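The values are calculated or read from the model by the stated rules, or taken from the named source; none is laboratory data. Only a predicted model underlies this, so the values are computations on that prediction, with no experimental measurement involved. With ideal geometry, Cβ positions are generated from the backbone for all residues, glycine too; neighbour counts draw on all protein chains shown. SASA here: full protein model, heavy atoms, side chains in, ligands and nucleic acids out. Shrake-Rupley method; radii C 1.70, N 1.55, O 1.52, S 1.80 Å.
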Amino acid sequence: MVLPVVVYGDPVLRKMGVDIDKNYEGLDALIANMFETMYAANGVGIAAPQIGKAIRLFVIDASPFAEVDEDDEEEEEDKLSKKELAFLKNFKRVFINAKIIGEKGEEWKFNEGCLSIPKIREDVLRKQTVTIEYYDEHFKKHTETLEGLAARVVQHEYDHIEGKLFTDKISAFKRKLLSGKLADISKGKFTADYKTKVYRTKK
């Protein structure tokens, strides 16, 4: 089932996600719906707060990055390595109760967007390498170290379960420039090619 994506302005996007256990009601269906919602919106990741649930759950499928890079005619030095392409092709994960235990390397810039902030993209600095502990959909525990785009997608989705958005990581000046567009999104004044949900205060 494709679920509506909660957009900027909804308080759930600012809540710290809570841990869940394997008995969380409807977990398997929720995970399946999150993947379906993500694919319908042409995303590479989606976190539970983005579908209205303040829990520590996010899913990722970074394979589109590999497909785009293979077809791209950009400069050779800007292309992903064969090793990274191969990894991204198969980088599909479910992250439950994730905890980043380390970040290292130089910060690098990449143009990010977010399903909860339609039509806005900005360059964001993030560390090159991340080490994360998490449980998969079978509640098997993993510790994984990721680099490059895989690390970035994880860092972006992890921010969601921490109540953060990528716009928090840009300069105050850029945020001020975007304030009007963000306010419009919170009021439903935007277009998107996927189902969305705008927060309405109860009167």
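The residues neighbouring Ala40, those whose beta-carbon lies less than 13 Å from its own, together hold a net charge of -2 under the Lys/Arg +1, Asp/Glu -1 convention.
In sequence order, segment 92-108 has phi-based couplings of 10, 9, 10, 10, 10, 6, 5, 9, 6, 10, x, 9, 8, x, 5, 6, 9 Hz under the Karplus curve 6.51 cos²θ - 1.76 cosθ + 1.60, θ = phi - 60°, and Gly or Pro positions carry x.
Carbon-plus-sulfur accessible fraction, the chain (probe radius 1.4 Å, protein heavy atoms only): 49%.
Remark: for residue pairs Lys79/Lys187; Lys53/Lys119; Lys83/Lys189; Lys83/Lys174; Lys104/Lys174, the C-alpha separation exceeds 30 Å in Lys79/Lys187; Lys83/Lys189; Lys83/Lys174. Between the listed residues Pro4, Val124, Leu149, the Cα displaced farthest toward the positive end of the dipole of the chain, a dipole computed from Cβ unit charges relative to the Cα centre, is found at Pro4. Of all the options Glu137, Glu107, Glu147, the one that moves most in a Gaussian network model of the chain with Cα springs shorter than 10 angstrom is Glu107.
Would you please classify the overall shape of segment 104-144 from the alpha carbon gyration tensor, given that a ≥ b ≥ c denote the square roots of the eigenvalues, rounded means a/c under 1.5, and beyond that prolate means a/b larger than b/c while oblate covers the rest? Because a/c hits 1.5 or more and a/b fails to exceed b/c, segment 104-144 counts as oblate. A cut-off under 11 angstrom between Cβ atoms defines the neighbours of Asp28, and their net charge, with Lys, Arg +1 and Asp, Glu -1, is -1. Entry comment: accessible area of the chain is 56 Å² per residue, from protein heavy atoms only and a probe of 1.4 Å.
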